[in-house]
Structure formats: structure tokens, C-alpha cells
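Below is one structure, written out as C-alpha cells; comments come after it.
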Amino acid sequence: MKNLLLFLLTFVTITFFFSCKNDKEEAEQLYKEGVDCLVKENKYNEAADKFLHSLSLQNEKKATQLLISTYQHLSTVYWEQDYIDKALFYAQKGLHCTEQFKNDSLQAQLLNRVASCYYMTSGKEDSAYIYYNRLLELSILRGDTVMASNACNNIGSVLLTIGGDVDEALAMFDKSQEHSLHRQRDYFKYHYNRSRCFQSQGMWAECADEIRLSMQYIDSADIEALEKNYRRLYVCKKHLEQYEEACVCADSSYFLADSLFRFKQREELKHITEQYQQEKYEAELQLQQSHWVLVVVTIVLVALMVIVAVMYSNKKRMLRLQRRMDTLKVQISKEKEQQNLLSDQSEGGESVEEENTKSDKLSELYTQQILLARDIYRSRPACNKLRQLRYHVDNGYLSDDERLPIIDSITEVFIDSIHNLRSTFPELTADECLYAILVFVGCENSVISILTKTSEATLRKRRSRFKQKVNEKAFALLIG
């Protein structure tokens, strides 16, 4: 009993181990597929499905590198789709996991995401300020100057948003520029943020100077940034009462805003067109698949209908042949009774011509009966087995279980015809009659040989004897 319990415990442990291992491998695979969808194809919905499926296979109570990365990418997906609440939810869960599983790089990214989500949520700017400061401390500790520069820049922006100390905001922007590795590239952002500070203080001349400096470093293709600068410069010139220059700035801002609107409209139209083309392609593909399914179903239904119609037709034909056979049996029986009755009454008084006439009439009925029996037999499945015996000729052997059912089926159909043959020609044996019937239904000597287990030489003798014992008409009908 103890050994049995130990075996069961070991079995359950091994099963659980392999199950966990398989779940972990599948979770990693789904995570990689989600990253590919996100990075290569920008398919956010599909990426979210992959990450959520991967998350369902992980143990969320135990922090791992994979779990934190999954939270971080889910937050990114929802951030890109403007689902701020969901992005914040997964970023906070990932940040909580970094406290158990130390990973400074992911922690910095998640701190930035949480702070950004709070900054985008109205009334949560104070929380954003706290998390950006935590990010700044961690970035300085790690020596990550890029993240430190972004943190300082965001802290200054938050201070301006909540109406904080402008001098402190300016200090943060200066500090951001000090941490920047590419100061020349970040000059636009630096001077633009300083212009915001001077605008909030009403220092319009200084604000205009900073705007001019920022415009020197703007990429000419960045229409949105140019429009914002001209709009702010217009406000500065208006407050400085430089109305002509303000009008020029306003015209430039309007022209750029119109160009930006048309550009976004084209991009949106392009996106809609691509989406429409994709949906059209998928709809056409689905329609084509449905068409092929319909064609296949139609073909199957037509085939079934044909099969049913053929089966019904064969059944009707069999019933019709059977009714004709029953009618012939009755006619033959009546003809025999009539001949016997007349024979008893006349007792030999009839002429030879009358006897021959009656004999010919009965012979005609026998002929119709055997021809009808052949039609009935050819409509039965047993006839197909008989036709297939030609493929057994090389083997030259059939077991009793294979050949006896075929002989029985022939005997069953031609029983009346065999009886008529033997009554008409009493010298015929059962084997000779069976041989004649097999030849009559189309069998060759090689097939009859393996079917009756008789040599072909013996069959040739039976043919000769059959010819001697019957008249020419019967021989021509059956063997001819």
C-alpha cells in the first residue's frame, strides 16, 4: 500500500512538472509572437491577444523576467491605442513585480509609463510628478543619461501644467539639456520648453527669442512643430504690439495647420483605404471559400440524388422483373396443367402437329423464363463477385467460403430453369446443368474451373455431353 501511494505521488509530481514546463514554453512562444506582431507589423489587437494568452499561462504570484516583460508590453500596446487606464493598470502590476524580481531597466521603463499615464489623466499630475522624480533618481543611479534627460524634461512640463515654480521648471529643462547626449538634436525641445516658461510669466520678448532659437533646429518636415511655434510666436508678437509680424505668424500658422490637417487626412484616408482593401480581400476570400463549399455541397447532394435515383430505379426494375418472373411461373404452371389434362382426355388421340405446337409453346415460355432469370441475376450484387473471379484465374484457387455463396446465388435464381432443363431432357445431370447456366451468364471455362473445382478438360467433356443430350435450339441458347 505504501509503495502504491509513493508511486501515485511520484506520477502526479512528474505530470505536474511536465505540465508546468509545457505551459512555460507555450507562454514564451506566445510572448515572442506578440512582440513580432507589435514590432514588425504594428498589429496591436493581435499582439494584445498573444500577450494576454501568454499571461494566462503564467503564475502572476511569482515575479519572473517573462512576467514583467509581458506586463510592460501589454502596457505599451494599450498606450499606443489610447487606453490609458489599461496601460496604467498593467504598468503598475509590472512595477510591483520589479520590486520582487530586480530589473532596473524594466523598472525604469515601467516608471516612465506609469508617470506618463498619470500625466495624461486629468487631475493626476501630482502623481506623475512623484513617479517622474523616482525615474530621475533611478536613471542617475544607473547612469542612464537618456532616461534622466527625458525625466527632467517631463518634470519641468508637469510643473508648468500644475502651475508650479517656473524657475524650478527652467532649472529642470537646463538639467535635461545637461544630461542629453545629443544636445544639438535636443535644442529644439530645450528652447521650446523655455518659451513655455517665459509665456507663463508673461515675458513675451524672451519667449519670442526662445521660439526663434527653437525654430532653427526644427526639421522642415515636422509641420506640427512648426505650426505650434508660429502659433506661440503670434501670441508673443500680439502682446508686444508688433501686429504686422503677428499677422505674418498667424498666416504661417494657418497655412501650416491647413497642411497638417490635409496631411493627417491623407494618412487617415490611406489607412482607411488599406483597411478597406484588407477587409475587401478577406471578404472576397471568405466568399470564395463559401462558393467552393457551396459547390462541393452541391456536387455531393447531386451525387447522393443520383445514387438514390439509381438505387430507386434498380429497385423498381428488380420488382418489375420479379413480377414478370411470377407471371411466367403461373403461365408455365397453367400450360403444364392444360397439357396434362388434354393428354389424359385424348389418351393419344392428338396428332403429332398438335403435340409439337404445345411443346413449342412451353419451350418458348421456358426460354423467356431463363432469359428473365439472367436479367434478374445480373441486377444482383452476387453477379459482380462472379465477374471479379477473372482476377483469380492466375491464382487458380478459391476457398469454399468464397465460391459456395456464388454457386448458391446462381442456383437460387436459376432453380426453376434447371428444373425445366432436367424435366425436358431427363438425361442431363446436375453438374451439366450448372455448367450450362454458368456459360449462359457469361463465365469462361477458366472461371468455372476454379468456381466448381473442376479441371478444364472435364468441363470440355461436359460441354460435349450437354450438346449430345439436348436439341440444337437449347444448346444454341445456353452455350452456343
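Quick note: the coordinates plus some simple rules give every number you see, no bench work behind them. In this text the structure is predicted, and so the values were computed from the model without any measurement. Cβ: placed from backbone, ideal geometry, glycine included. Neighbour counts: every protein chain shown.
Whats the longest run of the chain with zero GluC sites (Glu not before Pro) that are DSSP loop and have at most 16 other Cβ atoms within 10 Å?
Numbers: sites that count: E60, E241, E347, E350, E427, E444.
Maximal segment without exposed cleavage sites: 61-240.
Quantify how much of the Cα-Cα distance distribution of the chain extends past 30 Å, in percent.
Details: 82998 of 114960 pairs.
Tail of P(r) above 30 Å: 72 percent of Cα pairs.
For segment 408-447, just say rounded, prolate or oblate: build the C-alpha gyration tensor, square-root its eigenvalues into a ≥ b ≥ c, call rounded for a/c under 1.5, and beyond that prolate if a/b exceeds b/c, oblate if not. Don't skip to the answer; put the middle values down first.
On the way: a/c = 2.37, a/b = 1.45, b/c = 1.64.
Oblate, since a/c reaches 1.5 and b/c is not below a/b.
Which residue, chosen from W79, T98, Y44, occupies the Cα position most advanced towards the positive end of the dipole of the chain, where the dipole is computed from +1 (Lys, Arg) and -1 (Asp, Glu) charges on Cβ about the Cα centre?
Y44
Report, ordered by chain and residue number, the lysines lying within cross-link reach of K189, taken as a straight Cα distance under 18 Å and ignoring same-chain residues fewer than 8 apart.
Within reach: K175, K228.
How large are Rg and Dmax for segment 93-175 when only the alpha carbon atoms are used, in Å?
12.6, 38
With an 8 Å cut-off on Cα pairs and a minimum separation of 6 or more residues, tell me the relative contact order of segment 202-274 in percent.
Working: 54 pairs, mean separation 22.2, N = 73.
Relative contact order, segment 202-274: 30 percent.
About its Cα centre, how strong a charge dipole does segment 202-274 have in debye, to the nearest 20, once Lys and Arg get +1 and Asp and Glu get -1 at the Cβ?
Numbers: 10 positive and 15 negative charges, 34 e Å.
Around 160 debye, computed over segment 202-274.
Suppose only helical runs count, i.e. DSSP H with n ≥ 4. What mean residue ellipticity at 222 nm does that imply for the chain under -39500 (n - 2.57) per run, divided by all residues and rounded to the nearest 500 deg cm²/dmol?
Details: 19 runs with 398 residues, N = 480.
It comes out at -28500 deg cm²/dmol, rounded to the nearest 500.
Anything in the chain that counts as a DSSP H helix reaching 30 Å or more along its axis (C-alpha) with Kyte-Doolittle mean of at least -1.0? List them, would you?
Values: long enough: 2-36 (51 Å, 0.07); 243-346 (149 Å, -0.32); 352-378 (39 Å, -0.88); 400-424 (33 Å, -0.20).
Counting only whole DSSP H runs, the qualifying helices are 2-36, 243-346, 352-378, 400-424.
Along the charge dipole of the chain, which of A250, S423, V310 sits closest to the positive end, that is, farthest toward it, with unit charges on the beta carbon of Lys, Arg, Asp and Glu (+1, +1, -1, -1)?
S423
Using +1 at the C-beta of Lys and Arg and -1 at the C-beta of Asp and Glu, which of C117, Q216, I448 has the Cα lying farthest in the positive direction of the dipole of the chain?
I448
Quick one: divide the alpha-carbon radius of gyration of segment 202-274 by 2.2 N^0.38 Å and tell me what you get.
Numbers: Rg = 14.5 Å, N = 73, 2.2 N^0.38 = 11.2 Å.
The reported ratio for this selection is 1.29.
Once you have the Cα-Cα distance between L371 and D165, take 0.36 nm times their residue separation minus that, and quote the gain in nm to one decimal.
On the way: separation 206, 0.36 × 206 = 74.16 nm, distance 11.77 nm.
That pair, L371 and D165, stretches by 62.4 nm at full extension.
Return the aspartates and glutamates within reach of K461: Cα separation strictly under 18 angstrom, same-chain partners fewer than 8 residues apart disregarded; answer none if there are no such residues.
Leaving aside aspartates and glutamates fewer than 8 places away in the same chain, those within reach of K461 are E427, D431, E432, E444, E472.
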